[in-house]
1. For a quick check of your reading of the filter: which trypsin sites (Lys or Arg not before Pro) in segment A:80-150 sit in a DSSP loop and have no more than 11 other Cβ atoms within 10 Å?
2. Could you give the size of the charge dipole of the protein assembly as shown about its Cα centre, using +1 on the Cβ of each K and R and -1 on the Cβ of each D and E, expressed in debye and rounded to the nearest 20?
3. Trypsin sites (Lys or Arg not before Pro), restricted to segment B:14-64: which are DSSP loop and have at most 12 other Cβ atoms within 10 Å?
4. For chain A, set up a GNM with springs between Cα atoms under 10 Å and report which of A:Q123, A:Q142, A:Q67 has the largest fluctuation.
5. Just to confirm the number: angle between the C-alpha axis of helix A:75-89 and the first principal axis of chain A, 0 to 90 degrees, nearest 10?
6. List the GluC sites (Glu not before Pro) in segment B:41-146 that DSSP assigns to loop (not H, G, I, E or B) and whose Cβ has at most 15 other Cβ atoms within 10 Å. Which are they?
7. Charges only on Cβ, +1 for Lys and Arg, -1 for Asp and Glu: so what's the dipole of segment B:16-144 about the Cα centre, in debye to the nearest 20?
8. In units of 2.2 N^0.38 Å, what is the alpha-carbon radius of gyration of the protein assembly as shown?
Amino acid sequence: MLTKAQKSTTIRLCIMTNDFQKVQPDQLETGYELPPLSYNLDAEVIAKYLEAVGESSSLYWQSDNRQALTGLVPPLAITTYAMTLLLQRLSLPPGSIHVTQEIEFLKEVRVGTTITCHARVSQNWKRGKFHLLTIDLSILDQSKEPVQSGKVGFILPS
Amino acid sequence: MGETEPTLRLPELQKGENLPQLVKNITQENINLYAQASGDFNPIHVDEDFARKSPYGGTIAHGMLILSYLSQMMTIAFGRSWLSGGKLNVRFKEPVRSGDVITVSGNIRNIEQEEGKIRINCNVLCQNQRGEVVITGESSLRLPRK
């Protein structure tokens with residue numbers, strides 16, 4: 001188990017979203033748009049991510065200085081932080097399972113970019129004990145250019 | 001690993017060709033490090049006492065951690081093109097536990113010609129040391145036609 005001290009070493013995303021209220025499950029009707037989630041991809045965040053996933057590619061680390069970043073952001077880091085903020089925003093009940101992930105990388109992203117993720121419920125389907133929630137993601141940079149789009153699916157306990 | 005140049009190049013690519021395989025050992029230390037990096041401290045990942053009482057019987061890795069290995073494989077295969085033309089569509093089939101050894105693999109399903117572009121469609125897979133599929137799905141990549 002992680003101690004408080006270990007948790008305190010967590011790299012904190014620079015979250016730009018102001019109103020970070022939770023969205024309750026009964027609000028998650030098809031078509032519901034969550035308030036946008038914004039965060040900044042600073043160098044410390046990206047370095048920590050690369051270390052955590054064991055990524056050593058010289059696409060991301062300078063070949064003559066393995067401590068320094070090239071400035072390119074691994075695309076799944078962008079998705080990961082969007083997902084982390086999305087899960088913090090959603091009040092999914094314990095036992096919910098992340099079952100599907102679809103994501104398309106549309107544009108290279110550089111360290112320092114501010115990302116905004118728009119999330120919209122595309123399916124909230126219950127039948128008996130089966131409850132499927134699907135959310136569409138649209139991820140933009142500070143120029144409002146799309147950098148990723150995708151879809152995430154959860155099975156919720158009924 | 002570590003080179004920027006892709007290991008697979010367009011002129012030689014063929015249907016059925018294997019993507020470069022990756023093997024990753026999953027430890028609780030990896031999982032904790034990922035929790036710290038991502039900010040996802042769901043107790044099912046990091047609290048062994050909590051997780052032991054859950055239906056999983058122990059901690060499990062974050063799905064997005066395992067998915068990052070698939071993205072790494074695609075980066076090794078196709079280099080920088082993956083960052084602005086890649087696509088993943090996967091299903092998480094089974095949990096990954098501390099102590100598991102995950103093999104990430106794939107092959108080229110087909111190569112399609114699009115307007116001024118080529119799309120390479122791949123089958124991708126993550127399996128544990130018992131041969132159980134933990135992630136399955138498709139990836140694709142759009143490349144400019146040379």
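1. Answer by residue number: A:K129, A:K144.
2. It comes to approximately 460 debye.
3. Passing sites in segment B:14-64 are B:K15, B:K53.
4. A:Q67
5. Taking the Cα atoms of chain A, the angle to A:75-89 is about 40 degrees.
6. Here the GluC sites (Glu not before Pro) that fit, given the DSSP loop and packing criteria, are B:E115, B:E132.
7. Taking the Cα centre of segment B:16-144 as origin, the dipole is about 220 debye.
8. Taking the Cα Rg and dividing by 2.2 N^0.38 Å, one obtains 0.97.
Here, each number is a calculation from the coordinates, and none is a lab measurement. Worth saying up front: this structure is predicted, and the values here are computed from it rather than measured. Neighbour counts are summed over all protein chains in view; Cβ atoms, including those assigned to glycine, are modelled from backbone coordinates with ideal geometry.
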